[in-house]
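Below is one structure; the comments refer to it alone.
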Amino acid sequence: MDLVLRSGEVHLLDGPRPAAVCVRDGRIVEVVDRSATVDARQDLDLDVALLPGLVDTHVHVNEPGRTHWEGFASATTAAAAGGVTTIVDMPLNSLPPSVTVEALEVKRAAAAGQCVVDVGFWGGAIPGNLGDLVPLHEAGVFGFKCFLSPSGVPEFPPLDAAGLDAVFAELSTVDALLIVHAEDGAALTDPAGPTYPEFLAARPEAAERAAIDAVISGARRHSARAHILHLSAASALPRLAGTRVTAETCPHYLTLAAEKIPDGATEFKCCPPIRDDANRDRLWRGLADGVIDCVVSDHSPSPPSAKQGGFDTAWGGVSSLQLGLPVVWTEARHRGHALADVVRWMASGPAALAGLTAKGRIAPGADADLVAFAPDEEFTVGHLHHRHPLTPYAGARLRGVVHRTWLRGREVDGEPTGKLLRRDVP
Ligand SMILES: [Zn+2]
């Protein structure tokens, strides 16, 4: 073996137990007893838990084009420091947006040689690019993102009802996944003023419910695969229960509450918005019930200048890639959830969503993406590797410290050894 990692708490698919994880050529070869004798070049017995590297399928890297917002080098360094060994990059906010094969290749060229963790790419579905979807699928994107309300950038417009139907029809021909920013533009209004309550009132839960209804019925009509991005409105959960449509939520919806957002603190602005505390409790219930499948960051940073002004005009996006694991674990633990639940929501769940069969699990045949994690250690949020330090979690006291991270059996040390991933072709 090249490497053996031993721990009293190895998080396997059926839960944690003492074990030794044996790695050769970047892959997990077998999982044996913690005390087993193994011939290996490097053999470490950890005094902390060993988790599969997390998979974050919702990251806006913004390079090329808005690299001064976030770039591949800074984003993937932050990811590794946070125990995330695979990210899947969103098709918008970078320029050009990933809505043609040509644009995808521009992005892949920009990312090449810079990535500290593995990086995959979503394609985009916008008005007018129906003919680009199957070629993008064949070029290896993991699925397609669309909006049903303005995205915040002019080069990535939303689909109307007929456009959504046409995209479902097209994607169903190749069984590709559609991931949807589910707010219905017709149910949104312009905020009446700059305060948080005015911003929240302009983006009601009804907008999410209406969009989710459209996605559920479109997916059903075309026997298509669909996923709801960054669910905030817990009142939509009963609609999703029992359907094939999957859903994610984000650390900020699970840990922050509208009532506690300070005046003018636009680092808390995102779309859909962070809602009240009672809503937050119901999102946790949706996770516990399995209606919400995964927790991903929606890391969408911007320069501090874009966050100036009120909640009506500031850029909407929360920066959190490096902090997702301790943020979610701190609150999950407080609510009586096990670390194994967090691993399911943040590693195996997102890997399954993207069809990343070699990621998000500690099992023979999987990539040796591993994280030494001290669940009981505490820290105060200080230096972050994100391009910009602005985050709603600044100064927060959190539980759970990432000690070391391995990518395909090699300890992450800042070298850009990350691979650019393509969708697994069966
Ligand atoms: Zn997003």
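Given the options S151, S217, S172, S223, name the one that is within 15 Å of the ligand (Cβ to nearest atom), open to solvent by 10 Å² or more (accessible area, probe 1.4 Å) and over 23 Å from E259 (Cβ atoms).
Working: S217 fails: within 15 Å of the ligand (Cβ to nearest atom); S172 fails: within 15 Å of the ligand (Cβ to nearest atom); S223 fails: within 15 Å of the ligand (Cβ to nearest atom).
The match here is S151.
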Candidates E170, E155, filtered to the one that is in contact (Cβ under 8 Å) with a residue 24 or more places away in the chain, assigned to a loop (DSSP other than H, G, I, E, B) and over 25 Å from T249 (Cβ atoms): E155
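Give the residue that is farthest from D89 (Cα to Cα), with candidates limited to residues of the range 289-298 that are open to solvent by less than 50 Å² (accessible area, probe 1.4 Å) and out of contact with any helix residue (DSSP H, G or I) (no Cβ under 7 Å at 6 or more places or on another chain).
Step one: filter the range 289-298 for residues open to solvent by less than 50 Å² (accessible area, probe 1.4 Å), giving 290-292, 294-298.
Still in the running and out of contact with any helix residue (DSSP H, G or I) (no Cβ under 7 Å at 6 or more places or on another chain): 290, 298.
On the way: G290: 25, D298: 10 Å.
Per the stated criteria, the residue is G290.
If only one of A351, A358, A347, A374 is open to solvent by less than 30 Å² (accessible area, probe 1.4 Å), over 24 Å from I261 (Cβ atoms) and in a loop (DSSP other than H, G, I, E, B), which one is it? Give the steps one after another, and end with the answer.
Working: A351 fails: in a loop (DSSP other than H, G, I, E, B); A347 fails: in a loop (DSSP other than H, G, I, E, B); A374 fails: in a loop (DSSP other than H, G, I, E, B).
Testing whether each residue is open to solvent by less than 30 Å² (accessible area, probe 1.4 Å), over 24 Å from I261 (Cβ atoms) and in a loop (DSSP other than H, G, I, E, B) leaves just A358.
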Hey, E105 outside any strand (DSSP E or B) and either under 22 Å from the mean Cα position of the chain (by Cα) or more than 16 Å from the ligand (Cβ to nearest atom) (or both) or not: yes
Evaluation of A366 against (1) more than 26 Å from G264 (Cα to Cα); (2) open to solvent by 50 Å² or more (accessible area, probe 1.4 Å) (one fails), failing number: (2)
Unique residue being within 16 Å of the ligand (Cβ to nearest atom) and out of contact with any Asp or Glu (no Cβ under 8 Å at 6 or more places or on another chain) when the list is I274, I362: I274
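Quick one: in the range 296-317, of everything that is more than 12 Å from the chain's Cα centre (by Cα) and closer than 23 Å to L231 by Cβ, which residue is farthest from the ligand (Cβ to nearest atom)? Please lay out each step first, then the result.
Within the range 296-317, the subset more than 12 Å from the chain's Cα centre (by Cα) is 301-317.
Imposing the further condition that a residue be closer than 23 Å to L231 by Cβ reduces the set to 301-302, 311, 314-317.
Values: P301: 11, S302: 12, F311: 18, A314: 16, W315: 12, G316: 9, G317: 7 Å.
Selected residue: F311.
Kindly indicate which of A202, A186 is more than 16 Å from T246 (Cβ to Cβ), open to solvent by 30 Å² or more (accessible area, probe 1.4 Å) and either among the small types (G, A, S) or within 16 Å of the ligand (Cβ to nearest atom) (or both). Break it down stepwise before answering.
Details: A202 fails: open to solvent by 30 Å² or more (accessible area, probe 1.4 Å).
The unique qualifying residue is A186.
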Exclusive hit being among the β-branched types (V, I, T) and under 23 Å from D312 (Cα atoms), set T246, T189, T173: T189
Candidate set from the range 51-72 (those that are in contact with a His (Cβ under 9 Å, 6 or more places away or on another chain), at pLDDT 95 or above and not in a strand (DSSP E or B)); member that is nearest to the ligand (Cβ to nearest atom): H60
Set A210, A257: member being out of contact with any strand residue (DSSP E or B) (no Cβ under 9 Å at 6 or more places or on another chain) and closer than 30 Å to P326 by Cβ: A257
Test: residue in the range 34-47 that is closer than 30 Å to S297 by Cα, assigned to a strand (DSSP E or B) and in contact (Cβ under 8 Å) with a residue 24 or more places away in the chain: no
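The values are calculated or read from the model by the stated rules, or taken from the named source; none is laboratory data. Keep in mind the model is a prediction, meaning the values are calculated, not measured. Counting neighbours? That spans all protein chains shown, and the Cβs are built from the backbone with ideal geometry, glycine included. For accessibility, only protein heavy atoms count, side chains too; no ligands or nucleic acids. Shrake-Rupley method; radii C 1.70, N 1.55, O 1.52, S 1.80 Å.
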